[in-house]
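Working notes, beginning with the structure itself.
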Amino acid sequence: MPIYPPLFAAYPILALFAQNASEVRTAELVLLLTFAVGVAATAWLVLGLLLRSAAKGALVTAAAVVPFYTVDRLIEPAESLLTAIKGLWVPKSRTVVDPIWIVLLELVLLAGFAFLVRRLGDLSRTTRFLNILAVVVVAIPLARIATAKAPVASRPARQARPMTTAAPSQVARRPDIYYIILDGYARQDVMASHFGLDNSAFLDHLRQKGFYVAGRSTSNYCQTPLSLASSLNASYLDEMVKGLGNDQTELSDLIGRNDVVATLKPHGYAFVTFATGFEPTEHPEADRYLAPRVHLSEFQRMVVDQTPARVVWPDPRRLDPFQQARERILYLLDRVPEVAQDSRPTFTFAHILCPHPPIIFGAEGQDVARVHEYEQFMLFQDGKVNGRFRHPERFQKAYRDQAAYITARVQRMIDRILAGSPEPPIIIVQSDHGSELNLDMKSVENTDLPERMSILNAYCFPGGRYEGLHPGITPVNSFRVVLNTFFGAHLPLLPDRSYFSTWPEPYRFIDVTNAVREVDRRPDRSIPVDSRPNSPDS
């Protein structure tokens, strides 16, 4: 009995997942495998009926898998061949091959192969050989996946848990909560000293709207997934990441299924998230997930792009990834204030990947992606080679312009939230970490720690109830204060610490608190101890 068709259909997905196992959740693999095996089984059934033989149908089905996963890889050689041929009679730039022609060619070849298979006799030996081959080739990526996922599989599954047992009836009012993250937004003193941007007007505007601005705030962690997993669970990560090795996929679940949301759910809160294009903060499973386009994860996109599905479901990022990033950010800025129209109390998690690179906005919001197309800071990642830019002055200006634009847009967004909320909301505007002018994600020694760890951190609480806040509060305590003040919790505040870790070893936390706070002890600091006049800790 042939068993190889579904195994061959599964192999390309398993092989791709094995290469990315430490960065992709197992649930994505299961979803794609189920679909691929189901399609292969259906094709096998249909072809077996048409050819009146299960063995012949299996052979044609297996042959169909090859062209199904080779569309993307055949386009480049086809373009090179056509360009060379055209060059024989007319000079011409590179040809762009429409994938549909590759698909049609493969279908013609497959039909011819099916015609030949129909004339074959006994296929028992071929079936036996292909069964063994399929088991062997599938076992190789499965072994790699098992090795990569062993630390995660051996850990007991973590469940989000409420942090307080206060009953909903004990809460007098249920304000909407907005957690707005400006990725890589530098603190006021760093913004001025490293980039020459004076954002004091923005902070003054927040104060006038009733915000508390924590002028000495620092991040607890230097990487976005670590920082947000910590703040949304109101805890340090030591216990939560124990036994993970270097696997970072669990951080996505810590963000999407966090203790803060678990605490708010019994109070009737809906969890609202937005498309970000950044896997750890993409959570379509939330109560409301808002996106300008139908969302595919990065891994799903990689699989789709190898198949004919890319013909009918093209990826806009292949044409212009920076335009896609602009679209998501502008969509979020426009739609966050509309959440207030929901009749339920809401917890909105708005991760804005800006002013973090890539640089896609000018100071007036114009599209500048192509201006910086060949610069290092057009990369969708943190840190540069040896922690330095080739032309740091260009990055400084580009970051300054992008930060100026996003600052103005966020100010308008906050004004709209306040104006459109039926009840005074809770708003936290926070950086996940600081900027990256002098960042080396492989070396704590080569990193400007005060720059990387100093963050914007501003709070708007109904009634100005800021008793639990102080100038150096860090994100790990943000929601502890919220739950204590508005939901009857009695959570102790944790020590405000800062930890650095490298990309290769994300969970080897290095305590850099003293090095980060050293800048706040210098007499030439450009910001006051507390930037909110008459605050309880001024």
### Message
What is the distance in Å between the Cα centroid of the stretch 186-262 and that of the stretch 428-501?
### Response
5
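Can you flag which of Lys397/Lys442; Lys242/Lys265; Lys209/Lys265; Lys149/Lys397; Lys242/Lys442 are past 31 Å Cα-Cα? Provide the component values of the computation, followed by the final result.
On the way: Lys397/Lys442 25 Å; Lys242/Lys265 27 Å; Lys209/Lys265 28 Å; Lys149/Lys397 42 Å; Lys242/Lys442 21 Å.
Distance filter (> 31 Å) returns Lys149/Lys397.
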### Task
Determine, from the Cβ-Cβ distance of Arg301 and Ala201 and an R0 of 45 Å, the FRET efficiency 1/(1 + (r/R0)^6), rounded to the nearest 0.05.
0.65
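Exactly which GluC sites (Glu not before Pro) in the stretch 184-291 are in a DSSP loop and have at most 11 other Cβ atoms within 10 Å? Can you show the working numbers first?
Values: sites: Glu239, Glu250, Glu282, Glu285; in loops: Glu239, Glu282, Glu285.
Here the sparse-neighbourhood loop sites are Glu239, Glu285.
Give me Phe389, Phe349, Phe380, Phe479 sorted ascending by neighbouring Cβ count inside 10 Å, so fewest comes first.
Numbers: Phe389 19, Phe349 24, Phe380 13, Phe479 29.
Arranged by neighbour count, lowest to highest, Phe389, Phe349, Phe380, Phe479 become Phe380, Phe389, Phe349, Phe479.
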### Task
Take each of the peptides 185-195, 488-498, average the number of other beta-carbon atoms within 10 Å over its residues, and list them starting from the highest.
185-195, 488-498
### Query
So, in nm, how far is label Arg416 from label Gln323 when the simple model puts each one 7 Å beyond its Cα toward the Cβ?
2.3
### Query
Hey, what do the phi angles of the stretch 433-440 turn into as Karplus ³J(HN,Hα) couplings, whole Hz, using 6.51/-1.76/1.60 and θ = phi - 60°, x for Gly and Pro?
6, x, 7, 9, 4, 10, 10, 10
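The numbers here are math on the coordinates, done by the rules we state, and not lab data. Only a predicted model underlies this, so the values are computations on that prediction, with no experimental measurement involved. When we count neighbours, we look across all protein chains shown, and the Cβ atoms used for this are built from the backbone with ideal geometry, even at glycine.
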